[in-house]
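No value in this document is a laboratory result; all are computed from the given coordinates. Everything numeric in this text was worked out from a predicted model, so none of it was measured. We place every Cβ from the backbone using ideal geometry, glycine too, and count neighbours over all the protein chains shown.
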């Protein structure tokens, strides 16, 4: 009886171990096979999507650092499908006006317009784009395609870009800000990749040399540059521009103590470690300073990456790496999204709309996105490309940091007053950088002006108590 | 016969339709051009005036014009940035145009004395006008660059500290004025040179014979005679400088802070970046009125009366 009970106990234990071993072991054993079966590491010619024959289309596209990759992938589309695509290439400054004129006219000359994420609301709200399921009722967004904080959808009821809305556009390129640093110097000094603001300051103090190597450079130029650059600091300390815009509460919070802390830190980086012309530094200047070896650390869009390893442009080939933008020790990782969204104008014939959507379907496949990335289209918008064999190649080492950053990436200014708010913040923050205003005064003035803009827009708004100036 | 009869009946020559057409032919000939001009100028002017009293939104793919009366005017009265832009513009116009006129005149007077290599220096002088504004912006931005620019390299070579030409609020406006001077002095120079070369030689020789000194010749003979040309150049340069946009947009975008914010740039931002069409239209109307007021005042002054059209 006793031995029987003992045998039973042993059998029971063995059964439990067997169940545990099976439940843990099977997925481990199967995982690589499943992953490989679901997604090839690199595309093959046969796997490119057949979208059928379509009339020629014209795309309005911007001359950005990733344009070369886009141009090549369009050529590949033409070769693969026989469909003709004309690219109307425009510098950034002219993109919005061209897109507006096209979409507001009687018939758009473009079958597809590329729109900076912060301008999408204007197009959604104005009803200038065709909802994609009106063109193809069966169209579904592939789960591997990033939503970029739902900027592709427009919810007419809430007047907000959220997933419950209608699919209005598709992502073309997925910029977020990344932290760029001189990995060679960090390695020599035995410093680890910074994770917090304190690490950034420590590295700047240790390695920065006035006039020779700027410890940290901010993008302090007036306008979009400084507004965009400052966002990761503001969001990192838990700050915001408005209280809860998606729920309709537009109380202005840009002069909160958190925002003051973010701006104080930003100003200290600029003054202690940056060049004396921080207030005039734009994106091209950041690229210049990094590639000429004059900057140790800075935050910059992912799309600027190809400059770092280009021997014709860079003195620091292989010496720069990127990471998730560091956070305050008691804060969170955060980075602003600056992606591009393609929309199909409402005012074009149905067959042209279908042709434009066919191109986008092809472009957003794994094969299309892999090739886009390989040709220099940085960053692609499909997540499985970041699991492909590209990641192992040294020139794609940015992919790891980019993928890690995406969960922290946020859209801001997603309302009709967004452009006005950007102009206000772009000026007041810049005035603080060039020393015309104190941080408190700059934020108080910005808050008052944003409050007025919200009031004029008929928003439910309010103000926080003023900061000490 | 008929004509004679008509004269007899009325006591004065009767005018046939053909005569009337003949007499008014000049007006009929001008009519198509005038009509076209009216369509091209009056219609946009009326449209922008209407916009100035409205707000314009977009919904369902449509323009939604709402007449809002004086709302844009109220915004204007509270708009401190426009006042800053206007002040900066006036400063820019006065400084840039004054230097350009003086420098252009001095160069033209000097060039008048040189007989050799006229085509060479004229070609060299005309180059800045031919360079596209975008290229000028990029070129000067590079030269003003804090770390790599030629100006700071020179300063460092001379043992001085480099300057933040476009990032220091005290230096930014002088820096963009310098670019404007570089760009437009050749324009002033070429027109004044043409004016100087067209002066009657006999008068200048007579002044010489009468023993006038160089300064007297300049003050009492040359300047009064070249006055109409000077007036035209001054008017054009003032209007162009008031509308300055490209140089500032490319060099500073109005920054740092508000140091180089000018009227045209501000209107562009309101109109195009912020998409506030009604308010942008009001600012455009006010700018047009300001320029018209300037031209009107100018024509009534002694200086304006010297312009060729004043007679």
Task: Convex hull volume of the protein assembly as shown per residue (C-alpha atoms, cubic angstrom) - done: 294
Task: Label-point separation in nm, residue A:84 to residue A:139, each point 7 Å along Cα→Cβ - done: 2.3
Task: Ranked list, fewest to most other Cβ atoms within 10 Å of each Cβ, for A:191, A:234, B:107 - done: A:191, B:107, A:234
TODO: Considering Cα pairs under 8 angstrom that are at least six residues apart, work out the relative contact order of chain B and quote it in whole percent.
DONE: 25
Open item on the list: Once you order the gyration tensor axes a ≥ b ≥ c over the Cα atoms, which shape class does chain B get: rounded for a/c under 1.5, otherwise prolate or oblate by comparing a/b with b/c?
Closed with: oblate
Task: Relative contact order, percent, the stretch A:232-363 [alpha-carbon distance under 8 Å, six or more residues apart] - done: 24
Open item on the list: Quick check: pseudo-label points 7 Å beyond the Cα along Cα→Cβ at residue B:114 and residue A:392, how many nm apart are they?
Closed with: 6.8
Open item on the list: Can you compute the label reach from residue B:160? Point 7 Å from Cα along the Cβ direction, backbone N cut-off under 19 Å, restricted to the stretch A:274-300.
Closed with: A:276-277
Open item on the list: Among DSSP bridges having both ends in the protein assembly as shown, what percentage is antiparallel? Round to the nearest 5.
Closed with: 70
TODO: Based on other C-beta atoms within 10 Å, arrange B:97, A:145 from fewest to most.
DONE: A:145, B:97
Open item on the list: Give the separation of the Cα centroids, the stretch A:416-466 to the stretch B:249-280, in Å.
Closed with: 17
TODO: Calculate the spin-label point distance for residue B:220 paired with residue A:156, positioning each point 7 Å from the Cα along the beta-carbon direction, and give it in nanometres.
DONE: 8.4
- [ ] Once you have a ≥ b ≥ c as the square roots of the Cα gyration tensor eigenvalues for the stretch A:340-461, tell me rounded if a/c is under 1.5, and otherwise prolate or oblate according to whether a/b is larger than b/c.
- [x] oblate
- [ ] For a quick protection proxy, order the peptides A:59-70, B:129-140, B:207-218 by their average other-Cβ count within 10 Å, most packed first.
- [x] A:59-70, B:129-140, B:207-218
Task: Overall form of the stretch A:402-469 per C-alpha gyration tensor (a/c, 1.5; a/b vs b/c) - done: oblate
Task: Inter-centroid distance (Cα atoms) of the stretch B:165-232 relative to the stretch A:185-223, Å - done: 53
- [ ] Which order do the peptides B:113-122, A:193-202 take when ranked by the mean count of other beta-carbon atoms within 10 Å per residue, highest first?
- [x] A:193-202, B:113-122
- [ ] Please compute the Cα-Cα pair-distance distribution of the stretch A:112-264 with 10 Å bins starting at 0, giving whole percents from short to long.
- [x] 9, 27, 29, 21, 12, 3
